[in-house]
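Undergrad: A single structure is presented below for examination.
The values are calculated or read from the model by the stated rules, or taken from the named source; none is laboratory data. Not measured: the values here are computed from a predicted model. Neighbour counts are summed over all protein chains in view; Cβ atoms, including those assigned to glycine, are modelled from backbone coordinates with ideal geometry.
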Amino acid sequence: MRRKFLVTGGTGFLGAHLVKRLLKEGQEVRVLDNDSRGRKSRLENEMSQVEMVVGDIRDPLVVEHAAEGCQSVIHMAYVNGTEFFYTKPELVLEVGVKGMLNVLDACKSQKIRELILISSSEVYQTPPTIPTPEDVPLVIPDIQNPRYSYGGGKAISELLAINYGRNNFDRVVIVRPHNVFGPDMGWEHVVPQFILRAHDKSQENPQGPLEFAIQGQGNETRAFVGVEDFTDGLMIAIEKGGHQEVYHLGTEEEIPIADVARKIVHALGRKIDLKPGPLTPGSTLRRCPDISKIKQLGYSPKLKFDEALAPTVDWYIKHANERPKNSCIPE
């Protein structure tokens with residue numbers, strides 16, 4: 001059935017991939033983004049098919065205008081990137097909480113009865129179970145640590161979506177992405193930062209092993225999912241997800257961070273000399289989702305980490321000169 005979707009944050013990394021897939025499926029799409037981290041160029045070939053609204057998710061009038069005439073809202077607008085959790089925690093929370101409230105109010109005002117919230121694995125931080133199911137407690141381990149501005153804002157968003165959803169929506173679906181990566185994912189994440197650091201060191205030292213510093217001993221793990229597999233899973237959740245249900249989305253291929261560094265350096269044709277260092281306070285030691293719930297809806301990730309890594313490395317090497325000189329975003 002053809003519907004009109006509002007995708008907030010639709011020029012971001014995940015948002016642009018979703019917009020392209022919705023259009024491919026014959027849906028009508030309106031995008032709300034202020035391009036503080038997104039870029040319209042990600043949708044360059046789709047601009048004639050997309051209705052763009054340029055504006056701030058924190059502005060209730062902008063959000064209500066963007067929601068007018070839509071049947072479903074997919075809320076993705078947020079400040080992502082670990083660097084920003086530490087340097088701009090107040091902005092992360094403001095965008096997260098005000099944005100969620102504005103989306104809910106716009107849905108009520110415009111009588112939109114379907115909401116898909118893109119949350120995060122950060123809501124549960126240090127999981128008691130690996131692989132981690134959807135029903136684990138949401139945890140903010142240390143309110144003084146600015147890192148938890150991100151997970152805290154996402155947890156509040158989930159609470160708001162679930163509780164507003166009891167009476168104001170026919171369907172509220174929450175999806176928690178787990179370490180999605182791919183070409184053009186931004187500059188503030190571990191995979192692109194490792195790629196660019198390895199590239200720079202390779203240019204500086206054309207021979208011999210590359211000395212490569214990492215946080216901790218490198219035993220910390222993540223389960224990375226390629227953006228194409230993530231988008232497949234998100235489309236399944238949009239189409240089939242149950243009301244008031246939460247779905248973990250990713251892979252169960254758990255990889256130590258040291259191996260991520262090794263694979264990236266190896267992709268550049270070099271050997272690595274790993275140099276362990278102190279671990280940033282608040283870092284999660286292990287993260288790997290239990291994806292059995294979304295698998296029951298038909299999700300099946302296709303790419304292993306190495307397969308999704310190759311085009312990511314190629315993209316960042318090709319675009320290395322485009323990296324920002326400083327990593328700041330508008331207030």
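Undergrad: Just a yes or no: is a residue in the stretch 290-301 more than 30 Å from residue 172 (Cα to Cα), part of a helix (DSSP H, G or I), hydroxyl-bearing (Ser, Thr, Tyr) and not assigned by TED's automatic domain parsing to the domain that holds residue 25?
TA: No.
Undergrad: Residue 231: under 18 Å from the mean Cα position of the chain (by Cα) and either outside any loop (DSSP other than H, G, I, E, B) or surrounded by fewer than 21 Cβ atoms within 10 Å (Cβ to Cβ) (or both), yes or no?
TA: Yes; evaluated as a whole, the condition is true for this residue.
Undergrad: Report whether or not residue 109 is in contact (Cβ under 8 Å) with a residue 24 or more places away in the chain and surrounded by fewer than 18 Cβ atoms within 10 Å (Cβ to Cβ).
TA: Details: in contact (Cβ under 8 Å) with a residue 24 or more places away in the chain: yes; surrounded by fewer than 18 Cβ atoms within 10 Å (Cβ to Cβ): yes.
Spelling it out, residue 109 is indeed in contact (Cβ under 8 Å) with a residue 24 or more places away in the chain and surrounded by fewer than 18 Cβ atoms within 10 Å (Cβ to Cβ).
Undergrad: So, in the stretch 26-81, how many residues would count as being assigned to a loop (DSSP other than H, G, I, E, B) and more than 13 Å from residue 106 (Cα to Cα)?
TA: Of the residues in that region, 19 qualify.
Undergrad: Somewhere in the stretch 83-91, is a residue touching a strand residue (DSSP E or B) at 6+ places or on another chain (Cβ under 9 Å) and in the same structural domain as residue 18 (by TED's automatic domain parsing)?
TA: The answer is no; no qualifying residue exists.
Undergrad: Continuing with this model, one more query. Give me the pairs, please: first residue somewhere in the stretch 163-174 and in the same structural domain as residue 108 (by TED's automatic domain parsing), second residue anywhere and part of a helix (DSSP H, G or I), beta-carbon distance under 6 Å, and either six or more positions apart or on two chains.
TA: 164/104; 168/108; 172/161; 172/165; 173/237; 174/158
Undergrad: Among the candidates 87, 132, 82, single out the residue that is over 23 Å from residue 223 (Cβ atoms) and either modelled with pLDDT under 95 or among the hydroxyl-bearing types (Ser, Thr, Tyr) (or both).
TA: 87
Undergrad: How many of the residues making up the stretch 112-143 are in contact (Cβ under 8 Å) with a residue 24 or more places away in the chain and β-branched (Val, Ile, Thr)?
TA: 8
Undergrad: Please verify whether residue 260 is part of a helix (DSSP H, G or I), among the β-branched types (Val, Ile, Thr), within 24 Å of residue 206 (Cα to Cα) and over 21 Å from the mean Cα position of the chain (by Cα), treating the condition exactly as stated.
TA: Against the criterion (part of a helix (DSSP H, G or I), among the β-branched types (Val, Ile, Thr), within 24 Å of residue 206 (Cα to Cα) and over 21 Å from the mean Cα position of the chain (by Cα)), residue 260 does not qualify.
Undergrad: State whether the residues of the stretch 156-178 include one that is modelled with pLDDT of 95 or more, touching a helix residue (DSSP H, G or I) at 6+ places or on another chain (Cβ under 7 Å) and farther than 24 Å from residue 5 by Cβ.
TA: no
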